[in-house]
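Remarks on the structure that follows.
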């Protein structure tokens with residue numbers, strides 16, 4: 001930091017003049033960028049801000065209005081203060097107009113009661129300023145070196161926060177854009193008090209720029225992110241307005257956190273590419289060679305003599321159709337990293353990759369003596385919680401295929417997991433279990449498994465074709481009415497309410513459906529056949545030909 005006027009007055013070369021603060025004492029905290037001795041009344045136009053003006057006053061205006069205007073010009077120019085040596089122009093006291101003007105503008109006005117060598121005083125002030133600037137530069141260089149070394153060493157966020165807290169001497173918090181705490185380093189401060197009612201307090205702090213100080217809360221806040229992807233905020237809790245050094249520290253810490261996230265993504269993306277290649281080979285229709293097993297083992301996921309479980313992690317929030325493709329891809333990539341990291345923390349070997357730009361596909365490799373169901377359920381629960389507490393929280397659905405004991409059956413468990421996920425995603429009770437399996441999706445899951453069977457499609461077309469044709473030709477919505485009817489178990493009142501139709505209108509449409517299809521909707525077997533056909537048709541439409 002630059003020295004303040006108060007610090008300048010403590011210099012021996014300045015104290016030789018027996019300085020006395022006669023006005024503007026509340027402005028003694030102003031920083032001094034440089035000092036100038038001048039005996040002209042229009043010196044203000046030559047100042048740059050933060051300058052301390054030294055004068056004997058011999059050239060200053062004689063009238064009160066002129067002196068007030070002189071002080072006003074100094075204030076407008078951003079002067080740090082004014083020191084006047086008594087004896088040449090004014091012998092004992094400075095003019096009352098000058099004192100009043102300085103008091104009104106909080107501009108420090110200092111009287112030297114004894115003669116001073118101006119050259120020596122300005123030299124001493126200059127040395128103090130230069131020393132402060134050099135200290136600032138050395139601190140900035142040390143800061144730069146420290147965070148560069150942390151970035152090169154691949155330091156984790158916890159290490160970066162610890163360094164920011166050490167340099168700042170204040171508690172540091174890393175939060176998500178949703179004001180959820182990701183990391184915190186409070187040093188010796190009371191963590192309970194620091195984090196009390198955090199989300200509400202954090203939401204009240206909305207700085208205009210990327211870095212700003214909130215005086216009411218006592219927080220120095222800077223945005224964390226890179227490449228236009230802001231994912232958090234770094235907060236240094238400091239009660240007083242931060243010096244420039246602390247602002248630079250916050251921004252360097254935020255940059256290091258952003259770089260760490262990018263570097264972690266890049267490291268993980270190489271692993272994801274390897275895993276994607278292996279999963280593509282295992283799910284392909286064509287035979288694969290033993291090199292796939294060897295490459296998977298080299299990647300840390302042994303497949304021989306292991307139990308294998310296909311796993312799918314699917315986002316369940318309704319992303320807007322207008323969302324950029326890149327944003328959706330970033331979301332899935334983050335989910336893949338969360339899945340891989342959660343498996344690692346659980347001590348489980350797993351191939352993980354994004355598949356079809358829709359979900360994360362994984363192949364879990366377990367020891368044959370493992371409790372596979374328990375392990376998979378525990379992992380699914382951890383995945384859901386990890387995704388919910390990520391910088392960009394994401395609700396997910398986890399689905400698993402049947403455990404297989406041979407690498408040659410990996411394709412079956414992987415495909416089954418995808419089909420179960422697709423069926424569970426359309427089931428209203430999909431949040432009832434941590435991990436969905438075939439038994440959770442029941443008939444819908446069975447039809448999902450059979451969605452590639454042409455006989456199932458032929459059945460659905462045969463059952464529903466007349467209704468489809470009627471809707472297409474006449475612009476009706478009888479198919480939707482039938483779907484509401486079967487999904488509500490034949491309860492007409494509930495189905496009519498779901499369709500926002502009066503009961504007479506709904507009954508009339510049911511009668512029309514019976515005529516078009518030539519069936520009796522009071523017959524249980526007819527209802528079952530139509531329900532199965534609708535489920536098969538929906539599953540086929542969702543997964544594509």
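Residue by residue, here is whether (1) modelled with pLDDT of 90 or more; (2) over 29 Å from residue 229 (Cα atoms) holds:
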| residue | (1), (2) |
| --- | --- |
| 333 | no, no |
| 337 | no, no |
| 342 | yes, no |
| 348 | yes, yes |
| 352 | yes, no |
| 355 | no, no |
| 360 | yes, no |
| 364 | yes, yes |
| 368 | yes, yes |
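Evaluating residue 65 against the criteria (1) touching a residue at least 12 places away in the same chain (Cβ under 8 Å); (2) touching a strand residue (DSSP E or B) at 6+ places or on another chain (Cβ under 9 Å) leaves one unmet condition, (2). For residue 150, are the conditions met, namely being more than 30 Å from residue 56 (Cα to Cα), surrounded by fewer than 16 Cβ atoms within 10 Å (Cβ to Cβ) and out of contact with any strand residue (DSSP E or B) (no Cβ under 7 Å at 6 or more places or on another chain)? Judged against the criteria, residue 150 is not a match. Could you please let me know if residue 108 is closer than 20 Å to residue 56 by Cα and in contact with a strand residue (DSSP E or B) (Cβ under 6 Å, 6 or more places away or on another chain)? Against the criterion (closer than 20 Å to residue 56 by Cα and in contact with a strand residue (DSSP E or B) (Cβ under 6 Å, 6 or more places away or on another chain)), residue 108 qualifies. Candidates are the residues of segment 499-515 that are under 49 Å from the mean Cα position of the chain (by Cα) and surrounded by fewer than 16 Cβ atoms within 10 Å (Cβ to Cβ); the one that is farthest from residue 536 (Cα to Cα) is 502. Within segment 475-497, residues that are at negative phi sit with their Cβ atoms under 6 Å from residues that are surrounded by fewer than 19 Cβ atoms within 10 Å (Cβ to Cβ) and not in a helix (DSSP H, G or I), at 6+ positions apart or across chains, in these pairs: 484/499; 494/488; 495/488.
Residue 117 - would you say it is more than 55 Å from the chain's Cα centre (by Cα) and touching a residue at least 60 places away in the same chain (Cβ under 8 Å)? Yes, satisfied.
Could you tell me whether any residue of segment 124-141 is out of contact with any helix residue (DSSP H, G or I) (no Cβ under 9 Å at 6 or more places or on another chain), surrounded by fewer than 18 Cβ atoms within 10 Å (Cβ to Cβ) and under 20 Å from residue 225 (Cβ atoms)? Within segment 124-141, none of the residues are out of contact with any helix residue (DSSP H, G or I) (no Cβ under 9 Å at 6 or more places or on another chain), surrounded by fewer than 18 Cβ atoms within 10 Å (Cβ to Cβ) and under 20 Å from residue 225 (Cβ atoms).
Flag not set for residue 110, criterion: closer than 30 Å to residue 254 by Cα and either out of contact with any helix residue (DSSP H, G or I) (no Cβ under 8 Å at 6 or more places or on another chain) or buried (at least 18 other Cβ atoms within 10 Å of the Cβ) (or both).
In the condition set (1) touching a residue at least 40 places away in the same chain (Cβ under 8 Å); (2) more than 28 Å from residue 134 (Cα to Cα); (3) buried (at least 16 other Cβ atoms within 10 Å of the Cβ), residue 71 is compliant with all but (1).
The values are calculated or read from the model by the stated rules, or taken from the named source; none is laboratory data. For clarity, every value in this text was computed on a predicted model and none was experimentally measured. When we count neighbours, we look across all protein chains shown, and the Cβ atoms used for this are built from the backbone with ideal geometry, even at glycine.
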